[in-house]
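Worksheet: the structure to be examined is printed underneath.
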Amino acid sequence: MTRQPRARFSRPAARRDRPAVWTPAALPDQSGRLVVVTGANSGIGYVTARELARRGARVVLACRSRQRGLEALERLRAEVPGARVELRRLDLADLSSIRDFAAGWEHGPLDVLVNNAGIAMVPFARTVDGFESQFGTNHLGTFALTGLLLPRLLAAPDPRVVTVSSEGQRFARFDLENLNAERRYRAAFAYVQSKRANLYFASELQRRADRAGLALRSLAVAPGLTRTNVLTGGANGARGRWYATLTRLLVRYAFRPTPEGAKTSLYAATVPDLPGGSYIVPDGWFQLRGEPVPRDRERALRDAATAHRLWRLSEELTGVRYPLPPATPGPVGDA
C-alpha cells in the first residue's frame, strides 16, 4: 500500500479545474464498491446512498429505526430499479449496537464508510452509555464504528472514510474539559463542539494512516445549510408546536434542497484524485451554499495536539483501540 499525500489546495486553484456546477451526474462508475452510509433513512444520508447506488455501488443503509430504514429501502429501490442495497440496524448512541453491527459484518472488504448520522441541538440527554447525547452520538459513536470496521476497510484496495462535520464547527470553542457536559449544557454549543470533534477525528485518522504507510483516505465534509429533519425529528420532536412551526419555516425558506447538501459527501466519497486529509465544503459565503471544493485553511486541521488528546480520550471512553501505530502529537495549535 502507498501513502496518500496530504491535501494542499487553495480554493481558487480548485475552481479553475472544475465546472461551475458539480452534480451527482459527474460521479464515476461505482460498480464493485461496497459502501456503508450511516443515517441513510432520510436527508443527506438517503441522497448519498441513493446516488452511490445509482452509479452501481452496493450500499448498506445503517439506520437506527428499522421501520424508517425499511421505508427508505423501499423508496430507494423504487427510485433506482435494480439497486443493490440492504438495511442493517445501527444506533450510534449505543456502543453495544455499534459492536453488534461490526461483529455481524459478513461482506468482506469495505470500500467506503460514510459517517453521516448525527443529531443537532437537542435538549439535554445522555446516551445508553452515559455520554452527553450529541458528543456521544456524533463523535464517540462515529469513532467507535470506524475503529471497529477498520480491519474491513484496510482489506479494500482503496478505502475511504468520509465524516460529515458542519460549517458550524468554525464557531466552536472546543473545551476538552466539558465535552461530556460536565458543567453547563448549551445545546448549540454542544452541537458545534461535536462537529469540531468530527473534524479533529477525520484529520487525526489521516495522520495515523500516513504514519503507518496505509492507503486509507480519511476525509471530512461540511454540507452547508440543508433541508433535513435533523432540527425537527428525534428528540427535537418534543420541543412543542411553536418550535416545530418556526423551525420548519426557517428550514423551508433559508436552507437549500437536500440533494445540494449531499454533494460534499458524494464528492469526497468518489472523486478519484482527492488526497486523504481533505476537507470538502461548499465554496460560497461562510460555507453555507455552493459547490464542493477542498479547503485547507481551517485551524482544526492543523491542531494536531488537540486532535491527539481527543483521540486518546475517545479510546478511553469507548474502549475501542485502532489497529494502527500511535501517532506522535504535533505542536500545540489553536483549538
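When every residue of the stretch 28-43 is checked against the conditions, at least one turns out to be in a helix (DSSP H, G or I) and in contact (Cβ under 8 Å) with a residue 40 or more places away in the chain. Listed conditions (1) touching a Lys or Arg at 6+ places or on another chain (Cβ under 7 Å); (2) open to solvent by 10 Å² or more (accessible area, probe 1.4 Å); (3) modelled with pLDDT of 95 or more; (4) not polar (S, T, N, Q) are all met by residue 99, apart from (1).
Within the stretch 73-100, the set of residues being in contact (Cβ under 8 Å) with a residue 24 or more places away in the chain and touching a strand residue (DSSP E or B) at 6+ places or on another chain (Cβ under 6 Å) comprises 76, 84, 85, 86, 87, 88, 90. Between 114, 122, the distinction of being surrounded by 19 or more Cβ atoms within 10 Å (Cβ to Cβ) and in a loop (DSSP other than H, G, I, E, B) belongs to 122 only.
Within the stretch 166-180, the set of residues being assigned to a helix (DSSP H, G or I) and open to solvent by 40 Å² or more (accessible area, probe 1.4 Å) comprises 170, 171. Against the definition (in a helix (DSSP H, G or I) and of a type in the set (A, V, I, L, M, F, W, C)), how does residue 143 come out, yes or no? Taking the combined requirement at face value, the residue satisfies it. Just one residue in the set 147, 130, 136 is without any contact (Cβ under 8 Å) to a residue 24 or more places away in the chain and not aliphatic (A, V, I, L, M); that residue is 130. The condition (being over 18 Å from residue 146 (Cα atoms), open to solvent by less than 20 Å² (accessible area, probe 1.4 Å), at pLDDT below 85 and small (Gly, Ala, Ser)) is satisfied by just one residue among 224, 284: 224.
Please verify whether residue 163 is open to solvent by less than 10 Å² (accessible area, probe 1.4 Å), under 18 Å from the mean Cα position of the chain (by Cα) and without any contact (Cβ under 8 Å) to a residue 60 or more places away in the chain, treating the condition exactly as stated. Considered against the rule, which asks whether it is open to solvent by less than 10 Å² (accessible area, probe 1.4 Å), under 18 Å from the mean Cα position of the chain (by Cα) and without any contact (Cβ under 8 Å) to a residue 60 or more places away in the chain, residue 163 comes out as yes.
The values are calculated or read from the model by the stated rules, or taken from the named source; none is laboratory data. Bear in mind that the values here come from a model prediction, so they are computed numbers and not experimental data. No Cβ is skipped: glycine too gets one built from the backbone with ideal geometry, and neighbour counts run over all protein chains shown. Accessible surface areas use protein heavy atoms only, side chains included; no ligands, DNA or RNA. Shrake-Rupley method; radii C 1.70, N 1.55, O 1.52, S 1.80 Å.
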